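Read-outs: derived from the displayed coordinates by stated rules, not from any lab. Keep in mind the model is a prediction, meaning the values are calculated, not measured. All Cβ positions, even for glycine, are placed from backbone atoms using ideal geometry, and neighbour counts span all protein chains on display.
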Amino acid sequence: MVKITRIESAQETVATRKKVAAYCRVSTDSNEQLESLEAQKEHYMQVISANEGWDFAGIFYDEGISGTSKEGREGFKHLIQECRKGNVQLVITKSISRFSRNTSDLLQTIRELSRLGVAIFFEREKVNTLEMDGEFMLSLLGGMAQEESSSMSENIRWSVQKRFMAGSFVVSTPPYGYKKEGKTMVPDPEKAPVAKEIFRLYLGGWGCDRIANDLNHRGIRPPRGEMWNASTINNILRNETYVGDLKLQKTYRDDRFGVHTNKGEKPQYMVKDHHEALVSREDFMRVSQVKANNKAFHNLPDRTTKCSKRYPMTGKVFCSCGHPLIRKVIRSPLGERVSWACLLHLRDSKSCDRGYIQDGALQNAVMTMHNKLVFARRDILGPVSVALEKNCSVSAEFRAIDEELDENLQSRQRLRELLGKGFLEPAVFAQENCKLLERSKALTDERGRLEKGIAEREGKVSAVKDLMKYLRNAETKTEFDEFFFLSHVERITVLTNYQLMIRLRCGLELKEEI
């Protein structure tokens, strides 16, 4: 039999060395997290130097930065730049969640580095991006990382919300006119007088632009930037913090981690008498009413900076057709007469036949209602206060929702554990997790609706108490009281040429004859 012997090649195999870098990240800059970062860096120095086929290409890191977006992660951006230059061939990192918690950013980065021939090895998941058959597993793992981040954010938001509800939340940046002493807000001796003056000037008839120009001329520095402007003045005039109250959750983050102004999407919490006031509630109410009247009169958006001064009833008197009444000065040989006319009637008298209503008749109707309340405040307002306070109690409903939300969160955590251990198919995980997320959103929305309804009713309860407090020492009036009108009357609807409906801020509606 012929014997065949293989002769090995004498050519020496040359091992290809790889340029290896590591990426680390911690999401806060606390001492404990910074110590963790140093431990990660030391770990990767040892791992890379222990491998004879690897050349050290650097350790890139970010501290005090969230992984929900690439923005602001300078270490991450530097790593990608080095990969593009060909200075890195392999990146090792602790886990997918350390590299990126945003699935879209993760896939985009992986695709780019794969085209460059750069591999990423995730230690916890034991995944090498250049050895995957496809992107499904990476997308799934990235989704898990994003869901983990969402759950953590949800837990943090829940903790913050609990502090909101308890009134124990500590404001990080006090508004202009205040400073922090420990966990307490106190008036700033230098800036508090300026904040008070802004309210005084506005109530004295100055507009926002005029106030801003005066402060700039006097060389007083604004809260931000170099110059005062109407928008800054308007924000101060709108801020209830100056009466000693604190409104919490003015902004919120969505599921994609974007920051939004809270316009009713989330519940807000008002902490009464939280700190020392710079402005009286009466003055703040007068400012708010003048601004509200201006917006209604001009049909301006809610956050407009227009601050012109108008008459007390401007924007608060409406026709039964829904259009506002406009103040008109009618001149004749007998003198001037102030009246109010429907805007639609002025444009087209056939569309609305409401006649002119004299200013004095409106004022007399408000004065008559005022005097009735002085005489019979307990009989009229007592039942309203009891009914509103009764409707504010929905603690059982809150407890039921909170318990189901806690169970929902635990169920999602169990699903992730089962998937990670291989006991659950990815398709089943995706289906069940989606159901739980939808239910969680529905519960959160329902809780928000309950809280919003309670906040509205509590606002009316507060309005009733303020009105009753005012009426205890009030006397009957023989002349129109502008302060009472601005503080307690929300709207007047002209039902006919002879009858009005006056709605108070507490929600009570009373009819008066003209």
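Once the chain from residue 358 to residue 81 is taken as fully extended at 0.36 nm per residue, the excess over their C-alpha distance is 92.3 nm. Segment residue 50..residue 441, full-extension length gain: 135.9 nm, with 0.36 nm per residue of separation and the alpha-carbon distance subtracted. Label positions at residue 271 and residue 116, each projected 7 Å from the Cα along the C-beta direction, are separated by 4.7 nm. Taking each of 460/511; 180/247; 247/372; 291/460; 19/94; 183/441 in turn, the alpha-carbon distance tops 23 angstrom for 247/372; 183/441. Extension gain, residue 200-residue 421: 0.36 nm per intervening residue step, less the Cα-Cα distance, totals 72.9 nm. As a calculated quantity, the FRET efficiency between residue 337 and residue 218 at R0 = 60 Å, using C-beta atoms, amounts to about 0.90.
Given axes a ≥ b ≥ c from the Cα gyration tensor, I'd like to know whether the range 196-246 is rounded (a/c under 1.5), prolate (a/b larger than b/c) or oblate. Here the range 196-246 falls in the oblate category. Between residue 501 and residue 456, the distance separating the two model label sites (each 7 Å from Cα on the Cα→Cβ line) works out to 1.6 nm.
The loop-placed trypsin sites (Lys or Arg not before Pro) in the range 329-362, going by DSSP, that have at most 11 neighbouring Cβ atoms within 10 Å of their Cβ come out as 350. Once the Cβ-Cβ distance of residue 42 and residue 74 is raised to the sixth power relative to R0 = 22 Å, the FRET efficiency obtained is 0.55. For the range 403-473, the set of chymotrypsin sites (Phe, Trp or Tyr not before Pro) satisfying both a DSSP loop assignment and a count of at most 11 other C-beta atoms within 10 Å is given as 423.
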